[in-house]
1. What number comes out for the charge environment of D:THR145, summing +1 per Lys or Arg and -1 per Asp or Glu over other residues with Cβ under 14 Å away?
2. Add -39500 (n - 2.57) for each DSSP H run of 4 or more in chain B, then divide by its residues: what number comes out at 222 nm, to the nearest 500 deg cm²/dmol?
3. Based on alpha-carbon atoms only, what is the radius of gyration of chain C relative to the globular estimate 2.2 N^0.38 Å?
4. Helix B:215-225 against the longest principal axis of chain B: what's the angle in degrees, Cα atoms only, rounded to the nearest 10?
5. Which GluC sites (Glu not before Pro) from region C:1-72 combine a DSSP loop assignment with at most 16 other Cβ atoms within 10 Å?
6. At most 15 other Cβ atoms within 10 Å plus a DSSP loop assignment makes a site exposed; report the longest stretch of chain D without any exposed GluC sites (Glu not before Pro).
7. On the principal axes of its Cα set, how long, how wide and how thick is chain B? Give whole Å, largest value first.
8. What area, in nm² and to one decimal, does the C-alpha convex hull of chain D cast on average over all directions?
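Since every read-out is calculated from the coordinates, none of them should be taken as a lab result. Please read all numbers here as calculations on a predicted model, not as lab measurements. Please note: Cβ atoms are built from the backbone with ideal geometry, for glycine as well, and neighbour counts cover all protein chains shown.
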Amino acid sequence: MKTRAVLAYLLLLALLLVQALLAGLVKPAPGVPIMLLALGQALVLLLGLVELRASSALVRLFAAASAFWLLLMFSLTLGELLTR
Amino acid sequence: MSGFVRLWPEQASHYAAQVDWLVIGFTGMMAMFVVPVFVFMWVFIFRYRRGHAAERDHRPSGSLKVELTWMVLPFIGALVLFVYSARLFFEARVPPADALEIQVTAKQWMWKFQHTGGQREINTLHVPAERPVKLTMISEDVIHSLFFPSLRVKQDVLPGRYTEMWFQAERPGTYDVYCAEYCGTDHAAMTARLEVLSPSDYQRWLEGADEGRSLAAQGEALFRQFGCSGCHGAASVTRAPPLEGLYGRSVALADGSRVVADDAYLRDSILLPQKQVVAGYAPVMPTYANVMDEEAVARLVAYLRSLADPRPEPATGPSEDNR
Amino acid sequence: MTASEARPAEQFEDLRQQAEADRLGMWLFLASETMMFGGLLLVLWFYRLSHPRETAEALASMHWLLATGNTALLLTGSLCMTLALAAAREGEARVLRRWLWVAALLGLGFLAGKSVEYGLEFQEGLLPGNDPASPLKSGAARLFMNVYLTATALHGVHILVAVLLVGGLAWRVGRGNLPVPAKAVTVEMIALYWHVVDLIWLFLYPTLYLAGRGA
Amino acid sequence: MNTLPTAADAAPRSYLDAAHGLRSWLFTVDHKRIAVLYMLAVTFFFFVGGLAASLIRIELVTSEGDLLTADGYNRAFTLHGVIMVWFFLIPSIPSVFGNFLVPLMIGARDLAFPRLNLISWYLLMGGGLFTLLALVLGGVDTGWTFYTPLSTMFSNGHVVAVICGVFVAGFSSILTGINLIVSIHTLRAPGMTWFRLPLFVWSMYATSIILVLATPVLAITLVLVAAEHLFGIGVFDPRLGGDPLLFQHLFWFYSHPAVYIMILPAMGVVSELITASAHKRIFGYRFVAFSSIAIAIIGFMVWGHHMFVAGQSMYASMVFSLLSFLVSIPSAIKAYNWTATLYKSDLTVHAPFLFALTFVGLFIVGGVTGLFLALLAADLHAHDTYFVVAHFHYIMVGAAVAGYFGALHFWWPKITGRMYPELWGRIAAVMIFCGFNLTFFPQFLLGYLGMPRRYHSYPADFQFLHVMSSAGASILAVAYALPLFYLAWSLRYGQRAAVNPWGAAGLEWRTASPPPVHNFNSPVVVDFEAYDYAPEAARDRL
């Protein structure tokens, strides 16, 4: 478990570096890739450091549920703003 | 007022009649789905009371077919009504191009109307019958909502951006107007009167209440008073975007996007100049937010719209402009 | 939530059931935390989309390199908490204590970085947003700074709580009244809290500093 | 607390006799005692809110605003809204009957986190009394919806104080939700599978999902309003580029699921009442169970129907309108299945069943008028009028409160060990039904006539309908006060309750009334289906 944690940590730092480079060098910093990298970091954190994979199905369901709810809130509200 | 107690609001426009038919139709359809519930409930209660002889064995504990029918049928009925209602909603939301334009400014606890001819009214609105009327509305403080029960329409009036509403009143008469969105202490006193006049009466009213100067002319006076002509005038030294024929054209912005110069663009450029800077110009324009109220902005916007471009512009629905 | 003696609390059959209940309870609480910060992220993205130009103006003056360093600190903190949990499960109290102190220090480092950043921003007049002397010209840029202050302050409070929890845990392990691996569940709960606060920062950081820079 | 006579036989003492004195109540961790504490708190807030309601109804008898000043009326309806929504409707069934019954129904000794349960009560009482103090000592003139920029820039009431009170009480909801979900998942007795759970437990599970996931968004919205009100951060201030519509999105993202927090528990109660009086398994158990979950999920997608006229984009309004029709399907399933349950039933009509009938009748009218408001063109006319007031009162007061009173009567023997007087129970139920309809049906007509909400003076030709409504309100006030008296009377003089006075099927009816501290004397193993009212099983249980 420890080696997997360190690997996950290094991957997280790598993704952070890519994000920082993207934001620093590309003008204007592309929003979508940066946020996708953030999503990637979140998944690596959950699967690597928090071992979501090993915990019970119920815990995974709760994690997915709150992600689904946030997606719901964002899509409908920002959808309203963009079609105003 | 017909009869002792009025139970149904007046219908002052065709749209109002259509809404009423939608409402009656929906109530009828819903009764079709709901009355059986009440009837069966009472039948079962009386037939299957304890001690009352009745056939009670092999009781059904559920059936997929029955469940699906009372899921799908009401939903389909509702969908039909949804489509009809969405069409009506779309019609009520998109004003026709040739509508008579009136500026509305809502302020804590009063309604102020400005006609293109320059006439100004508080808490009463005179409109011609059988002609579409478009209201461009804005609030100076909190959210209000202009509500015409007899026309079955209302629209919230927001501080910070224009909202629109249109109607075509058919029957001349006097109708109540309310503020529907709670707006503070005297929300209940913020009512107005809608006077629908026959076209000839309306024409006579226009002359009677004439201010001498049209809305655009009043805007021109403000244009000079606030020093806009200093930069935007023909002989100005500082570089500022030309305003002739701006209204309706699409404008290239500094960040590469393009936007159509409508009322909202003109208002934002006056009050929030940093928001949409025109390409090739420095964002040096000061804000007039604390100097000008919404009524003055409405007059300036009317003036900017009336600036005819020396090059003949294709008619993009020029506003009624009886200067 | 921690049953002092090894026997489970009376409404539970056995310790495994109690641990599962504690884990579910913690996950639900963290789900409500993510929903709250989700609301804040919605406000930020709502204003990013409705005022793109002014947001870019505000982003130009943010100290994003300092924030990137802070993010690295938090990620390292998460690693420490995972290693601490592994040590707790293997019953090595000394190793557990070391990782807990490192994580607490990293959290303090983040808070220190944050307060330096706040100091700079107050000095430059960026904060508080409606300060008339703010170098930001447009209203929406000042609004962005204000929402930035609200979001990072709220997150900072959660980091402070995390540091206190981890510090308290390390102190209890040092004093010996947190027997491991019997009470590893407690370490797991606090590690989980740390990870989710870190997860929230993983989304706040690009929203506040990176996306749309230099527009 | 008055001490009850101890149970006659040598069975272990009931949770009420296990300890006496104020300390045993204020520091209890027994889910049953906490439920009773919640019942007292919720009843207190119900009558405070009811007082404000009667002030409003008396004011509206005359067309001019002569009883209260304009400001006084605004503060009265704000107090009525805030107290009723956050301190009666949301905590009532989940905290009182969820706390008392869920452990009993799933065969557990207590909830998963007893101490957290007590903290929830203190959070509700602390937030509630603080809010009541702020509302009474100065009041707030923004309505319970706190719309901006009125609440942030133009209000002169104690907005921030009330926001703090509601914020604190919000955590009581979150903790109760967590407690119930974890308990239902981990503390079910052996053999109690998900499809053997009573439907009340299913509806409490769905309600808890909303409690946990929606309340935090209200918390952050209130924090932003308070920050804007105090420091002017500009997040809802149009001058700085803020957008009042964003507030409405955030507020209704919580507040629409909140109305499902209010109705779902009552639906669970009615499923229990109808099956118990029909002595028959419910029709379509799985459909009714999953309809609760469906309401909890789809309930999060429909909030935009509060903003059709608020300047929301036309296309988003159409999407929200369509989703609002979708969310009505699970409610329709419940209503149809309750009716189908009565087919070939063995029905005993008693007061709880009359409350259940009141629920079904008023809920259907409320639901249909809700669909009416989901119609875009109809909402353009009816929004912010008394039509909306009538709609949500039919659902919240007609249905949810009828459900609460039905639960109060049905489980009164189990909670207190005493039977309520049956005749008075039926009188109260019928009076509530008649008084309610006389109060709120005229408001549908008023609304369609164009009478706006939150007006204390109105044109003269609305007066007749307002007088009818106020007359109904006086009947309703008496009808709501009745149970307070005869239930209190039954504590001392009520007939002693048997273990299962209704012959109902459910684990809570297999332990003593009132139950012992650890709920069950012998370990519970569940080997029967939910609501197994097989004729011979029901007979031997009586």
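1. -2
2. Dividing the helical sum by the residues of chain B leaves -11500 deg cm²/dmol.
3. Computed over Cα atoms of chain C, the ratio equals 1.19.
4. 50 degrees
5. Listed in order of number, the matching sites are C:GLU5, C:GLU10, C:GLU13.
6. D:65-528
7. Over chain B, Cα extents along the principal axes are 101, 52, 42 Å.
8. Across all orientations, chain D yields a mean hull projection of 23.8 nm².
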